[in-house]
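The values are calculated or read from the model by the stated rules, or taken from the named source; none is laboratory data. The structure displayed is predicted, hence computed values, not measured ones. Counting neighbours? That spans all protein chains shown, and the Cβs are built from the backbone with ideal geometry, glycine included.
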Amino acid sequence: MRTRPVPETAIFGIDSGKKVFHIVALNAAGGIVQRTKFSRDMLMTFFDAAPRALVGMDDLTLRSAVEITGAPESATFAVSAANPEVVASIVRMVTAHATTTDDQAGWRCQVATSDIGAVMTVTGDAAQIRALGFIRVMTVGMHHQTHHRALATGAAPHD
């Protein structure tokens, strides 16, 4: 089992379980360059060694804090971290996903960034938005396949 990311990796696929995470790494052409599995602790060590551009969602889901507030017609997600590299991932991911989430299910998204992260306010069915939670809101819509392929190959994902 290889415990460090393969250098030619362009994108990671992760199948998460309760105790074990299965990783498949693809190169820019879409070929498999690595298959491995880890416990949660080893997964964090593995991704610490990966290029920062490839671990944005990992930073967002495992290394940040999310505070949820809201008004009757909206939900606000304040996403923050102390580590500057994680903050950069938060800003990059939340800003990019807000543009693709906007208008999904009749929602409107606004983002403000700061030196500790980003705040995304989603207006629409606030009860539904809060019930989904931050990570599920970030995955709404069918943009992910095209979006992540563009990121993996160096293309602009939001053009």
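Just so you know, in the range 66-97 the residues that are within 19 Å of ALA131 (Cβ to Cβ) and among the small types (Gly, Ala, Ser) include one that is surrounded by the fewest Cβ atoms within 10 Å (Cβ to Cβ), and it is ALA71.
Considering each residue of the range 49-60 in turn, at least one proves to be out of contact with any Lys or Arg (no Cβ under 9 Å at 6 or more places or on another chain), modelled with pLDDT under 80 and surrounded by fewer than 17 Cβ atoms within 10 Å (Cβ to Cβ).
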